[in-house]
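Below: the structure, in structure tokens.
The values are calculated or read from the model by the stated rules, or taken from the named source; none is laboratory data. Since we're looking at a predicted model, the values are computed, not measured. Here the Cβ positions follow ideal geometry from the backbone for every residue, glycine too, while neighbour counts run over all protein chains shown.
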Ligand SMILES: [Mg+2]
């Protein structure tokens, strides 16, 4: 982080992404992919299996959106396709049950999240902006115990420039009064920088490949900050 970078003082609110910013989420998908490989490897090469799964997930996004239910559907669809419908009902059942269990996955907050949110909220209103299935995201937010920490919560289908502009209009602020904190360069950082907001990127241990972009696309913006740990947000904002 460049020391010379400073926030303007008229920030209206600081918004946080949820999955893999406040708590760990992505590793559960890696565990599902491990089981997927174990079951499917007798039908097709391991490399093809994951490539095909990713392809199906991306193709299904406009129809099914993000989240565990959509991921499960893509696993089942890919399993049937790459096995030429040879996958057994017992194998499909295993995938289905594992996928369903992910919906009840416990929430583990990252270190320092609660305390940092508390400190930030003393100076700025704080918001949660997350994308995905509303029921699944609501359950995670509730389970996290952080529900009361936020002044408002927005669950959206996509986090692109259009969505952020709509939110900025809804809350009647200018883009330069808005700070977004998140782990996804594609969803939390680039669109916010493009509309003139501030973005704080905190890379997670694992991030879905679809959310990664070349960092040269975001490094060039003045309003961009990259931190190692969640608790470092106070160094930038307070
Ligand atoms: Mg995230």
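Which strands (runs of 3 or more DSSP E) sit wholly inside the stretch 132-236 and have at least 2 residues that are under 19 Å from the mean Cα position of the chain (by Cα), at pLDDT below 95 and within 16 Å of the ligand (Cβ to nearest atom)?
Values: elements: 152-156, 178-182, 198-201, 224-226.
Filter on the stretch 132-236 gives an empty set.
Being buried (at least 16 other Cβ atoms within 10 Å of the Cβ), within 16 Å of the ligand (Cβ to nearest atom) and part of a helix (DSSP H, G or I) narrows it down to one residue among 29, 66; which is it?
Numbers: 66 fails: part of a helix (DSSP H, G or I).
Testing whether each residue is buried (at least 16 other Cβ atoms within 10 Å of the Cβ), within 16 Å of the ligand (Cβ to nearest atom) and part of a helix (DSSP H, G or I) leaves just 29.
Can you tell me which residue is farthest from the ligand (Cβ to nearest atom) among those in the stretch 120-131 that are farther than 22 Å from residue 26 by Cα and in contact (Cβ under 8 Å) with a residue 40 or more places away in the chain? If you could, list the steps in order and put the result at the bottom.
To start, the set of residues in the stretch 120-131 that are farther than 22 Å from residue 26 by Cα comprises 120-126.
Restricting the remaining residues to those that are in contact (Cβ under 8 Å) with a residue 40 or more places away in the chain gives 120, 123-126.
Working: 120: 18, 123: 24, 124: 20, 125: 21, 126: 16 Å.
The selected residue is 123.
In the stretch 39-60, which residues are more than 17 Å from residue 83 (Cα to Cα), exposed (fewer than 15 other Cβ atoms within 10 Å of the Cβ) and without any contact (Cβ under 8 Å) to a residue 24 or more places away in the chain?
59
Quick one: is residue 78 at pLDDT 95 or above, surrounded by fewer than 18 Cβ atoms within 10 Å (Cβ to Cβ) and outside the structural domain of residue 187 (by TED's automatic domain parsing)?
Details: at pLDDT 95 or above: yes; surrounded by fewer than 18 Cβ atoms within 10 Å (Cβ to Cβ): no; outside the structural domain of residue 187 (by TED's automatic domain parsing): yes.
Judged against the criteria, residue 78 is not a match.
Give 172, 219, 223, 183 a once-over and let me know the one that is at negative phi and without any contact (Cβ under 8 Å) to a residue 12 or more places away in the chain. Don't jump to the end; show me each part of the working.
Numbers: 172 fails: at negative phi; 223 fails: without any contact (Cβ under 8 Å) to a residue 12 or more places away in the chain; 183 fails: without any contact (Cβ under 8 Å) to a residue 12 or more places away in the chain.
Residue meeting the stated conditions: 219.
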